[in-house]
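The values are calculated or read from the model by the stated rules, or taken from the named source; none is laboratory data. Just so it is clear, the model here is predicted, and its values are computed rather than measured. Neighbour counts run over all protein chains shown; Cβ positions are idealised from the backbone, glycine included.
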Amino acid sequence: MPNKTDKKEVLVKVKRQSAPKVSPHWEEFRLQWRPYMNVIICLRDISENPVTSDGRPTTPVSYDSNCLEEVCGSCAMLINGKARMACSALVDQLDQPIRIEPLTKFPVVRDLSVDRQFMFESLKRVKAWIPIDGTYDLGEGPRVPPEIQEKGYPLSRCITCGNCLEVCPQVNEHNPFMGAAIFSQVRLFNMHPTGKMHAKERIAAAMGNGGIEDCANAQNCVVACPKGIPLTESLAEINREAWKQSLFGWLAG
Amino acid sequence: MRQPKIIVVGGGLAGLMATIRVAEAGVPVDLFSIVPVKRSHSVCAQGGINAAKNQKGEGDSIAKHFDDTIYGGDFLANQPLVKRMCEAAPGIIDLLDRMGVMFNRTPEGLLDYRRFGGTLYHRTAFAGATTGQQLLYALDEQVRRHESEGKVQKYEGATFLSAVIDDSGVCRGICSMDLRSMEVTTHAADAVIFATGGIGAIFGRSTNSVVCTGSAQSALFQQGVDYANGEFIQVHPTAIPGEDKLRLMSESARGEGGRVWVPKNPNDQRPPRTIPEGERFYFLEEWYPKYGNLVPRDIATRAIHRIVYQEHLGLHGKAAVYLDVTHIPRETLDRKLEGILEIYEKFLGVDPHVEPMQVFPAMHYTMGGIWINGQDQATSVPGIYAAGECEYQYHGANRLGANSLVSCIFGGGLAGPAAVKYAANLQTGTEAVSSTVFENEKKRQQEKNQMLISNQGSENPITIWRELGDIMTEHVTVTRINKNLELADSKIRDLQARYHKINLSDRTKWSNQTLNFARELENMLVLARVVTLGALQRNESRGAHYKPDFPERDDANWLKTTRARFSDGEIQLTYEPVDISQIPPRPRRYDAAK
Ligand SMILES: Cc1cc2nc3c(=O)[nH]c(=O)nc-3n(C[C@H](O)[C@H](O)[C@H](O)COP(=O)(O)OP(=O)(O)OC[C@H]3O[C@@H](n4cnc5c(N)ncnc54)[C@H](O)[C@@H]3O)c2cc1C
Ligand code: SF4
Ligand code: FES
């Protein structure tokens, strides 16, 4: 714990990159400490007064944020080397200087802002939805046993932040591994009484290039997930289903 | 036959529902959103969504939902559309259920319902304490499905700047800016549906998300789209104070039995748990025995303000009261409130299972918004539709908890087909409009950017914004006094003057968030004046609008919708009658049964 006088200041280092193909550099900022400060508040302070600790004027730091309560998934970044959400990263719980960098597994747009379109494309690929006939009135949905709800609900809280991809050794430039979040969504939809009817299509889409077979069971994902989603369970289950399906084909039951 | 084309701006619940309906009609739709739609503000909604399914055998009915909504809104809402919404609500729940929302279930596998503010019935379906997130994801998934079938084209990371309106006053498309390349482009459409959400940012700090600036609504207003009931701003009674955001502590905490109290002795230094029952003041339960902790938001908010500012009973002399769930079994809390209690613990480092939470009211929701008609979400400009929090129709002077999500989905569901019908019936479509109409609008917007980038002033946009937030929060939220409202308006005009001397600390051309923020700020200042002037004019107290100098509701003079219009650079307020054809107004009281 830093002592009281230290607390008057917060020292922050930010990795800056003005555009996708430009090489990055570090800048340091001295900010005034306040109670319950989080990393987003630090970045806002910099925007209001973009001057580095050695007195050089610079530009405000670009970053993504929206909800500020860890439910929209926008603000994932590396904070002291760890992939986490900036809005819930409390300054008092971080060692200083606080080092802030963009995620490394996604293309940098500018500074801390990255492009996570890859994840949304993967959700398309695995058909992560319930195929309803239409939005006209067709009466109630199927009954769902409470224990399915209790299993499904935690999975449905995934905020597509990308932290689980960031920490996964299988996700890299040479391998389009879709990542734990996506397989966990396959599990969610395959567990729903209606979604189940198309389970095999999703499993088939979860295999092949970048598919479940590439999971090397490093188990970093489950630790990095801010929503505590049981990702290793999801991976194991989808892996099992994929094996079944590739061994016994579409007849597997 | 020509193929019409529709644009939807905004991908929260309302925008996504509209998109789905347009795609289902076989009409191509372009969907614009600042953030990837899955990250829209709707994910923040915690508590749930209302529908009178009467699944608890309490005798709930659509008529009661309708009456609660009208009564809760202090009779300011036009009644026919609200009635239709309440009638549609059970079907909306069914639809969401079919889309796979992980709603909480009863042992029989049916949906579970909880009680929310302003009603005596268990009418609120919920998915843990993250209902909005679950609903938004369900609609997002359906849109993704239509997208993969080529029916929807998304423009995420693009902001709406202005509508393209032709010489005859018809909307023919939009002008937008890509937030990476900062390129300004126009997009043609036969009809445009706006679903751009709330306006929290004009109050500086609120429970809203960062992109809820109301900038789009304000831009439209300045182009001649009317804005209604702007002065009706909901301040939620229970939020966690914070410097960047006032994080909501959902009404569901009280719906599940949470109690609001302060020590009877304001100097009581004992830890809250050790203070005996008899020395606690459960003021909501005492003042409103019938509804207790579940009185509507405006009432609870004013009660907390009274405790803090008049009775001087705030915790340790601070602006805070206890919201206590420590008496509720942990198992219930984990099953029903996990998401929100987690927020408290995460952002304050205190465990609300064992320690009562400290909360205070925060700006939360705008009942006012873009003026739309009473049938199909059409605005005052042909070709422009609006749905969701950005329009004004469903909540009158005060919104009931869990009624917003249903109004978003209902309104979006109406707007989609209405826009399609309008577009299909057009004599001449957008393709027949001269390209100079588009070119001119684009030029106008590019020039604004250029002005901001090259301006060599001394004003920082964030500083102006903070000052705006302070003015609005102090004078235009819970208690409104005419003298202060006049002062607020003149201060906002000062800020507008300072805005012209703005100096951007970032003049680059790639992903320039400062430039975008400055553009939003200009619009926020205008909208802030609409809210303030509406409040100044309305000399009565109704729902969320409270003036101690005019403490009563005044139906004779003020049972009217405020309709703001922008002409010649001035904000003009006119008033129109409220449709009260179904339920005659009666006094609104929560200290006794209604
Ligand atoms: C913390 C919190 C909890 C809540 N809980 C509940 C609840 O339990 N029950 C309930 O009924 N209601 C609740 N509400 C209210 C409810 O969440 C909102 O009113 C509702 O989600 C608004 O949805 P929307 O579709 O209108 O807009 P939003 O979800 O805000 O979406 C707006 C969309 O517009 C886009 N956008 C905005 N401006 C532009 C622009 N200029 N250009 C392009 N795109 C733009 C955004 O990117 C976004 O996609 C809650 C609100 C808050 C703040
Ligand atoms: S599974 Fe967890 S870490 Fe991965 S994207 Fe979802 S919320 Fe983020
Ligand atoms: S801002 Fe939404 S998760 Fe941090």
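Quick look at the numbers
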{"read-out": "Residue within the stretch B:55-62 that is more than 14 Å from chain A (Cβ to nearest Cβ) and assigned to a helix (DSSP H, G or I) present", "value": "yes"}
{"read-out": "Any hit, the stretch B:263-285, residues being within 14 Å of chain A (Cβ to nearest Cβ) and within 20 Å of B:HIS122 (Cβ to Cβ)", "value": "no"}
{"read-out": "B:ARG205 vs. criteria under 29 Å from B:THR366 (Cβ atoms) and part of a loop (DSSP other than H, G, I, E, B)", "value": "yes"}
{"read-out": "Residue list for the stretch A:62-87, filter: more than 9 Å from every other protein chain (Cβ to nearest Cβ), in contact with a helix residue (DSSP H, G or I) (Cβ under 8 Å, 6 or more places away or on another chain) and not in a strand (DSSP E or B)", "value": "A:CYS75, A:ALA86"}
{"read-out": "Test: B:LEU414 is without any contact (Cβ under 8 Å) to a residue 40 or more places away in the chain, in a helix (DSSP H, G or I) and either in contact with a strand residue (DSSP E or B) (Cβ under 6 Å, 6 or more places away or on another chain) or in the same structural domain as B:VAL27 (by TED's automatic domain parsing) (or both)", "value": "yes"}
{"read-out": "Qualifying residue in the stretch A:164-180 (condition: modelled with pLDDT of 95 or more and within 14 Å of chain B (Cβ to nearest Cβ))", "value": "no"}
{"read-out": "1 or more residues within 16 Å of ligand 3 (Cβ to nearest atom) and in contact with a Lys or Arg (Cβ under 7 Å, 6 or more places away or on another chain): qualifying helices (runs of 4 or more DSSP H) within the stretch A:158-251", "value": "A:163-166"}
{"read-out": "In the stretch B:239-262, the residues that are closer than 18 Å to B:TYR365 by Cβ, away from ligand 3 (no atom under 16 Å from the Cβ) and among the hydrophobic types (A, V, I, L, M, F, W, C)", "value": "B:ALA239, B:MET249, B:ALA253"}
{"read-out": "Among the candidates B:ASN398, B:ASN373, B:ASN403, residue that is of a type outside the set (Phe, Trp, Tyr) and surrounded by fewer than 23 Cβ atoms within 10 Å (Cβ to Cβ)", "value": "B:ASN373"}
{"read-out": "Some residue of the stretch A:210-223 being near ligand 2 (Cβ under 9 Å from one of its atoms), within 24 Å of B:THR130 (Cβ to Cβ) and touching a Gly at 6+ places or on another chain (Cβ under 9 Å)", "value": "yes"}
{"read-out": "Test: B:GLY109 is outside any loop (DSSP other than H, G, I, E, B), surrounded by fewer than 23 Cβ atoms within 10 Å (Cβ to Cβ) and at the interface with chain A (Cβ under 9 Å from one of its Cβ atoms)", "value": "no"}
{"read-out": "The stretch B:167-185, subset under 24 Å from B:GLN427 (Cβ atoms) and surrounded by fewer than 17 Cβ atoms within 10 Å (Cβ to Cβ), residue nearest to ligand 2 (Cβ to nearest atom)", "value": "B:GLY169"}
{"read-out": "Qualifying residue in the stretch B:205-213 (condition: more than 14 Å from chain A (Cβ to nearest Cβ) and buried (at least 24 other Cβ atoms within 10 Å of the Cβ))", "value": "no"}
{"read-out": "Tabulated pairs, the stretch A:215-241, first touching a residue at least 12 places away in the same chain (Cβ under 8 Å) and under 20 Å from A:GLU69 (Cα atoms), second within 16 Å of ligand 1 (Cβ to nearest atom) and part of a helix (DSSP H, G or I), C-beta under 7 angstrom, 6+ apart or interchain", "value": "none"}
{"read-out": "Qualifying residue in the stretch A:52-69 (condition: at positive phi and within 16 Å of ligand 2 (Cβ to nearest atom))", "value": "no"}
{"read-out": "Number of the condition not met by B:ALA362 [criteria: (1) under 25 Å from B:ARG280 (Cβ atoms); (2) part of a loop (DSSP other than H, G, I, E, B); (3) aliphatic (A, V, I, L, M); (4) within 18 Å of the chain's Cα centre (by Cα)]", "value": "(2)"}
{"read-out": "Residue within the stretch A:157-171 that is within 16 Å of ligand 1 (Cβ to nearest atom) and among the charged types (D, E, K, R) present", "value": "yes"}
{"read-out": "Residue satisfying condition, being within 13 Å of ligand 1 (Cβ to nearest atom), in a helix (DSSP H, G or I) and either under 21 Å from B:GLN445 (Cβ atoms) or not hydrophobic (A, V, I, L, M, F, W, C) (or both), within set B:GLY197, B:GLY132", "value": "B:GLY132"}
{"read-out": "Subset of the stretch A:18-52 [in a loop (DSSP other than H, G, I, E, B), within 13 Å of A:ASP92 (Cα to Cα) and in contact with a Phe, Trp or Tyr (Cβ under 9 Å, 6 or more places away or on another chain)]", "value": "A:TYR36"}
{"read-out": "Matching residues, the stretch A:34-47, being within 24 Å of B:ILE240 (Cα to Cα) and either surrounded by fewer than 17 Cβ atoms within 10 Å (Cβ to Cβ) or facing chain B (nearest Cβ under 8 Å) (or both)", "value": "A:ARG34, A:PRO35, A:TYR36, A:MET37, A:ASN38, A:ILE40, A:ILE41, A:ARG44"}
{"read-out": "Which listed residue, of A:LEU188, A:LEU123, A:LEU155, A:LEU90, is at the interface with chain B (Cβ under 9 Å from one of its Cβ atoms) and touching a strand residue (DSSP E or B) at 6+ places or on another chain (Cβ under 6 Å)", "value": "A:LEU90"}
{"read-out": "Condition met for B:ALA23 (out of contact with any His (no Cβ under 8 Å at 6 or more places or on another chain), in the same structural domain as B:VAL152 (by TED's automatic domain parsing) and either away from ligand 3 (no atom under 16 Å from the Cβ) or over 17 Å from B:THR159 (Cα atoms) (or both))", "value": "no"}
{"read-out": "Within the stretch B:1-45, tally of residues that are part of a loop (DSSP other than H, G, I, E, B) and at the interface with chain A (Cβ under 9 Å from one of its Cβ atoms)", "value": "4"}
{"read-out": "Failed condition for B:LEU284, given (1) surrounded by 20 or more Cβ atoms within 10 Å (Cβ to Cβ); (2) at pLDDT below 90", "value": "(2)"}
{"read-out": "Residue within the stretch B:218-238 that is within 14 Å of chain A (Cβ to nearest Cβ) and surrounded by fewer than 19 Cβ atoms within 10 Å (Cβ to Cβ) present", "value": "no"}
